[in-house]
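Enquirer: There's a structure below that I have some questions on.
The values are calculated or read from the model by the stated rules, or taken from the named source; none is laboratory data. Nothing here was measured: the structure is a model prediction, and the numbers come from that model. Reconstructed Cβ throughout: ideal geometry from the backbone, glycine too, with neighbour counts over all protein chains shown.
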Amino acid sequence: MHPLTLSKKIFLALATLLVVLLLIFAGFSIFGLKRGLGPYVAEIEIRRMDWLAQILQVHYAGRGNWDRLRDVEAWHRIEMGDIGLGASVTDGVANDAADRRLPPWYARQLPPGFGNWPPPPPPPVAGFFEGARELPDSPDSVYQRLGLLDAAGKPVAGATGDLADAARLPLRQHGRTIGYLVLSPLKGLESEADRAFLARQSGFVMLTGVAGLIFALAMSWLLARRWFAPIDDLMQGAESVARGRLGTRVPVRGSDELALLGRTFNSMAERLDTIDASRRTWLANAAHELRTPLAAMRAEIEALQDGVRSFDDKTALRLHRQVMRLAQLVDDLRSSMHEAEDQAPVRAPVFPLTVLAEALAATRARFEQRGIAIEAPGVGPSSAVWETVVDGDSRQLHQVFGNLLENTLSYTDAGGCLRIDASVAETADGRRLVLRFDDSAPCPAPQDMPRLFDRLFRAEASRDRASGGSGLGLSICRTIVEAHGGGIEASASPLGGLRITLVLPLGGHA
């Protein structure tokens with residue numbers, strides 16, 4: 001059985017969540033429909049009783065209170081549309097046969113069309129006989145659910161009990177509320193019509209929920225595939241890289257976090273591919289460098305074995321030189337292979353300019369033989385930075401300076417010049433010693449500058465391979481300088497050759 005992928009897990013989780021939400025939605029919708037249908041019907045019913053509200057308003061205007069309606073018989077008569085307890089209206093003028101206290105201006109307050117009184121009585125109710133004055137006793141009857149409240153909300157007549165959910169129709173006079181006509185909602189929805197209505201509405205809610213669920217599931221599946229497709233691509237790309245196919249790249253779409261992850265993966269794969277190609281090139285170059293002295297030694301030995309040459313001091317000297325060259329090459333290879341943390345210097349206060357002066361003194365004769373002038377006025381004992389101190393290893397720093405000088409000797413044309421300058425720079429990380437080595441022509445090509453510190457690299461077009469060393473000197477310099485917490489870089493020199501800029505952090509000693 002194949003394990004579930006991340007996209008399928010997310011889809012199943014979303015599907016489960018959507019089903020639960022649908023069930024909750026349907027349950028609460030049906031429950032709310034059952035609870036809210038009664039008050040809704042009561043609200044509709046009471047809005048159709050404006051005729052009763054007008055009778056009650058006329059009654060209150062004629063008597064100024066609701067005291068008469070506290071009698072059950074009087075309230076029943078009002079419910080049945082009997083206006084004898086209120087007032088009669090003739091030609092738009094309200095007249096009270098029982099009590100003549102209606103103000104003379106009341107006729108102007110009656111709504112338009114009020115002169116067509118009395119309004120038609122409500123349709124006869126089953127079981128109601130006009131002379132009996134009896135109301136239906138069914139609890140769902142509108143007459144049993146109808147009531148009157150005064151302006152303070154206290155019951156006057158009709159329905160009693162909890163009227164919090166009852167529908168209310170305000171009764172007003174001169175813009176002032178004088179009471180409320182209230183109608184309690186149905187207690188139960190047990191009729192066939194009620195059940196049919198609830199069934200239709202519940203079916204509609206369920207149908208809507210199922211349609212929404214299908215749409216949501218389809219969108220969830222599409223989004224899960226869209227969102228997690230880059231992750232699948234990354235997984236396949238990682239497996240491909242793990243198998244050694246370093247040229248693998250994943251497609252990148254958009255600019256979100258997954259796109260950033262894809263670009264990072266491609267950058268990592270490209271770097272690994274570059275490192276692998278560099279490793280192969282380095283191995284080929286190392287094999288070639290080692291083959292040269294070994295081939296010379298083999299030729300000398302075979303000549304001795306064949307009797308072509310006799311073993312004398314000159315032959316011994318040639319063999320010794322090849323062995324020393326081979327030993328030096330092996331040492332350089334081993335040094336260049338160390339990382340910065342492996343080259344951790346023995347920390348001690350060192351005067352770097354003094355070490356540089358020693359390296360210059362050791363190579364000055366060779367510079368004179370090549371006719372290369374040395375200009376170093378800023379690094380002598382009279383310079384302002386002569387007594388600067390760094391925490392490091394004097395032997396390793398001497399090797400760095402020696403390699404830089406050897407680089408100039410190997411590649412600068414005869415009759416050229418080497419200029420060395422030193423200064424102290426203030427940076428955010430503290431004070432640093434900056435040394436610049438500028439030599440004269442030739443200069444490496446601009447595209448070769450970043451690779452000058454790679455192992456076994458030579459800019460063949462501008463620097464003669466035969467006159468050069470192993471191609472490891474600058475690589476060793478970078479390893480040692482970075483171990484000291486500094487940096488080294490190459491650029492074009494204003495003298496027409498190469499500029500090497502070396503930066504070392506200064507210690508706390510003076």
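Enquirer: Do you know which residues across segment 32-48 are over 12 Å from Gln201 (Cβ atoms) and either in a loop (DSSP other than H, G, I, E, B) or within 48 Å of the chain's Cα centre (by Cα) (or both)?
Expert: Applying the first criterion (over 12 Å from Gln201 (Cβ atoms)) to segment 32-48 yields 35, 38-39, 41-48.
Correct list: Arg35, Arg48.
Enquirer: Here is a follow-up. Can you tell me which residues in segment 49-68 are outside any helix (DSSP H, G or I) and in contact (Cβ under 8 Å) with a residue 12 or more places away in the chain? Give the derivation first.
Expert: At the first step, the residues of segment 49-68 found to be outside any helix (DSSP H, G or I) are 49, 64-66.
Answer for segment 49-68, where residues must be outside any helix (DSSP H, G or I) and in contact (Cβ under 8 Å) with a residue 12 or more places away in the chain: Met49, Gly64, Trp66.
Enquirer: Separate question: Only one of (1) aliphatic (A, V, I, L, M); (2) within 30 Å of Ala269 (Cα to Cα); (3) part of a helix (DSSP H, G or I) fails for Ala199. Which number is that?
Expert: Evaluating Ala199 over (1) aliphatic (A, V, I, L, M); (2) within 30 Å of Ala269 (Cα to Cα); (3) part of a helix (DSSP H, G or I) leaves (2) as the failure.
Enquirer: For Gly188, state whether it is part of a loop (DSSP other than H, G, I, E, B), at pLDDT below 85 and exposed (fewer than 15 other Cβ atoms within 10 Å of the Cβ). Let's see the steps before the verdict.
Expert: On the way: part of a loop (DSSP other than H, G, I, E, B): yes; at pLDDT below 85: yes; exposed (fewer than 15 other Cβ atoms within 10 Å of the Cβ): yes.
Here the answer is yes, as Gly188 does meet what is asked.
Enquirer: Just wondering, is there one or more residues in segment 129-142 that are surrounded by 10 or more Cβ atoms within 10 Å (Cβ to Cβ), of a type outside the set (A, V, I, L, M), at negative phi and modelled with pLDDT of 70 or more?
Expert: First pass over segment 129-142, keeping only residues surrounded by 10 or more Cβ atoms within 10 Å (Cβ to Cβ): 133-136, 138-142.
Filter once more, so that each one left must be of a type outside the set (A, V, I, L, M): 133-134, 136, 138-141.
Retained after the next criterion (residues that are at negative phi): 134, 136, 138-141.
Those still in the list that are modelled with pLDDT of 70 or more too: 141.
Yes, because at least one residue in segment 129-142 is surrounded by 10 or more Cβ atoms within 10 Å (Cβ to Cβ), of a type outside the set (A, V, I, L, M), at negative phi and modelled with pLDDT of 70 or more.
Enquirer: Looking only at segment 143-171, count every residue that is of a type in the set (A, V, I, L, M), touching a helix residue (DSSP H, G or I) at 6+ places or on another chain (Cβ under 9 Å) and modelled with pLDDT under 85 and tell me the total.
Expert: Initially, segment 143-171 is screened for residues of a type in the set (A, V, I, L, M), giving 146, 148-149, 151-152, 156-157, 159, 163-164, 166-167, 169, 171.
From what is left, the residues that are touching a helix residue (DSSP H, G or I) at 6+ places or on another chain (Cβ under 9 Å) are 146, 148, 156-157, 159, 166-167, 169, 171.
From the residues that got through so far, the ones that are modelled with pLDDT under 85 too are 159, 166.
Count: 2.
Enquirer: Another question, then. Just for segment 319-345: of the residues that are under 30 Å from Trp386 (Cβ atoms) and either of a type in the set (S, T, N, Q) or in contact with a strand residue (DSSP E or B) (Cβ under 8 Å, 6 or more places away or on another chain) (or both), which one is modelled with the lowest pLDDT? Steps first, answer last, please.
Expert: Residues of segment 319-345 that are under 30 Å from Trp386 (Cβ atoms), as a first pass: 335, 340, 343-345.
Within this subset, residues satisfying the condition of being either of a type in the set (S, T, N, Q) or in contact with a strand residue (DSSP E or B) (Cβ under 8 Å, 6 or more places away or on another chain) (or both) are 335, 343, 345.
Values: Ser335: 63, Gln343: 51, Pro345: 62.
So, considering only residues that are under 30 Å from Trp386 (Cβ atoms) and either of a type in the set (S, T, N, Q) or in contact with a strand residue (DSSP E or B) (Cβ under 8 Å, 6 or more places away or on another chain) (or both), the one modelled with the lowest pLDDT is Gln343.
Enquirer: Can you name the condition, by its number, that Arg280 falls short on among (1) surrounded by 11 or more Cβ atoms within 10 Å (Cβ to Cβ); (2) assigned by TED's automatic domain parsing to the domain that holds Leu326?
Expert: Tallying (1) surrounded by 11 or more Cβ atoms within 10 Å (Cβ to Cβ); (2) assigned by TED's automatic domain parsing to the domain that holds Leu326, Arg280 fails exactly one: (1).
Condition check ((1) at pLDDT below 65; (2) surrounded by 13 or more Cβ atoms within 10 Å (Cβ to Cβ); (3) of a type outside the set (Asp, Glu)) across all residues:
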{"site": "Ile44", "(1), (2), (3)": "no, no, yes"}
{"site": "Arg63", "(1), (2), (3)": "no, yes, yes"}
{"site": "Trp66", "(1), (2), (3)": "no, yes, yes"}
{"site": "Met80", "(1), (2), (3)": "no, yes, yes"}
{"site": "Leu85", "(1), (2), (3)": "yes, yes, yes"}
{"site": "Val89", "(1), (2), (3)": "yes, yes, yes"}
{"site": "Gly92", "(1), (2), (3)": "yes, yes, yes"}
{"site": "Leu102", "(1), (2), (3)": "yes, yes, yes"}
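For every residue, the table says whether it meets (1) in contact with a Cys (Cβ under 7 Å, 6 or more places away or on another chain); (2) under 30 Å from Leu329 (Cα atoms); (3) at pLDDT below 80.
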site: Leu181; (1), (2), (3): no, no, no
site: Thr208; (1), (2), (3): no, no, no
site: Leu217; (1), (2), (3): no, no, no
site: Ala224; (1), (2), (3): no, no, yes
site: Met235; (1), (2), (3): no, no, no
site: Glu289; (1), (2), (3): no, yes, yes
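Here's the yes/no breakdown for (1) more than 29 Å from Thr388 (Cα to Cα); (2) within 48 Å of the chain's Cα centre (by Cα):
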| site | (1), (2) |
| --- | --- |
| Gly402 | no, no |
| Thr412 | yes, no |
| Leu418 | no, no |
| Asp421 | no, no |
| Gly430 | no, yes |
| Val434 | no, yes |
| Ser440 | no, no |
| Pro444 | yes, yes |
